[in-house]
Amino acid sequence: NFDAFMNGMQSIGAQPVITIDYGSGTAQEAAGWVHYANKGGSGYNGPVPTYAGGSGSGHNYGIKYWEIGNEVYGNGTYGASWETDNHTHSPATYASNVIAYSQAMKAVDSTIKIGAVVTAPGSWPDGVTNSASPQPWNTTVLSTACSSIDYVIPHWYAQNPGSESDAGLLGTPSQIAGMVSSLRSEINQYCGSRASSIQILVTETNSVSSNPGKQTVSTVNALFQADDYLNWLENGVANVD
């Protein structure tokens, strides 16, 4: 549960990134989570989890980073559907809800940072348009919600299952500088005076997007991961998971 997770984080001095339930949750639930996590103490009147070990007085974990949903573009907007989403499936709906979630959560704790899901430049569904998404995902989300966010969240996997190549994998980190540059250009275009303060957090990356095979636990992937992490960081992202 959440408290057990946070005990682990505190024991090693780590800073967590919490993914809010966007698909089947509400802005009020998200605000309640921030309340429970960061605003506990004497006189606490916020929500109390129903799991064993939930604190009746909340906590003061001081969690800074909160992301609104996970890979929300995978809700069926572009055909593929692996993410639960009870809202209308479109980047415009997601963007407007990011604003609502951010306002509700920051009303509880104005010091937190809110992240919005974006597509990694050059990776599906970056640049794709259709009737549900007349403009690309990043264009819609950033132009609508940038005033309400503090960072963006791309995920990047170098290969898709069935097309793994050791030599190919080790060459892919050379793409990272261009991806960061493209994403930073989009942020600059749509976020105006706030652009320089918008961070990039890569909250998922690995060799293959699903169905990992032996390459994933091989020396090849160890070499790739070192290059992967350091290329993102060298090009200015704030975090790599």
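The values are calculated or read from the model by the stated rules, or taken from the named source; none is laboratory data. Remember, predicted model here, so these are calculated numbers, not experimental data. Ideal geometry is used to build each Cβ from the backbone, glycine not excepted, and the neighbour counts take in all protein chains shown. The area values use the complete protein model at the heavy-atom level, side chains included, leaving out ligands, DNA and RNA. Shrake-Rupley method; radii C 1.70, N 1.55, O 1.52, S 1.80 Å.
Among the residues making up the range 189-213, a single one is more than 19 Å from the chain's Cα centre (by Cα) and closer than 22 Å to ASN231 by Cβ: PRO212. Looking only at the range 217-234, which residues are under 27 Å from SER182 (Cβ atoms) and either touching a residue at least 60 places away in the same chain (Cβ under 8 Å) or of a type outside the set (A, V, I, L, M) (or both)? Once the filter is applied, which keeps residues that are under 27 Å from SER182 (Cβ atoms) and either touching a residue at least 60 places away in the same chain (Cβ under 8 Å) or of a type outside the set (A, V, I, L, M) (or both), the range 217-234 yields ASN221, PHE224, GLN225, ASP227, ASP228, TYR229, ASN231, TRP232, GLU234. So, in the range 49-85, of the ones that are among the acidic types (Asp, Glu) and assigned to a loop (DSSP other than H, G, I, E, B), which residue ends up farthest from SER110 (Cα to Cα)? Across the range 49-85, the extreme among qualifying residues is GLU83. Within the range 159-178, is even one residue surrounded by 18 or more Cβ atoms within 10 Å (Cβ to Cβ) and in contact (Cβ under 8 Å) with a residue 60 or more places away in the chain? No, because not a single residue in the range 159-178 is surrounded by 18 or more Cβ atoms within 10 Å (Cβ to Cβ) and in contact (Cβ under 8 Å) with a residue 60 or more places away in the chain.
Among the criteria (1) open to solvent by 10 Å² or more (accessible area, probe 1.4 Å); (2) modelled with pLDDT of 95 or more; (3) touching a helix residue (DSSP H, G or I) at 6+ places or on another chain (Cβ under 9 Å); (4) in a loop (DSSP other than H, G, I, E, B), the one GLY32 does not fulfil is (4).
The lone criterion from (1) surrounded by fewer than 17 Cβ atoms within 10 Å (Cβ to Cβ); (2) in contact with a Phe, Trp or Tyr (Cβ under 9 Å, 6 or more places away or on another chain); (3) assigned to a loop (DSSP other than H, G, I, E, B) left unmet by GLY46 is number (1).
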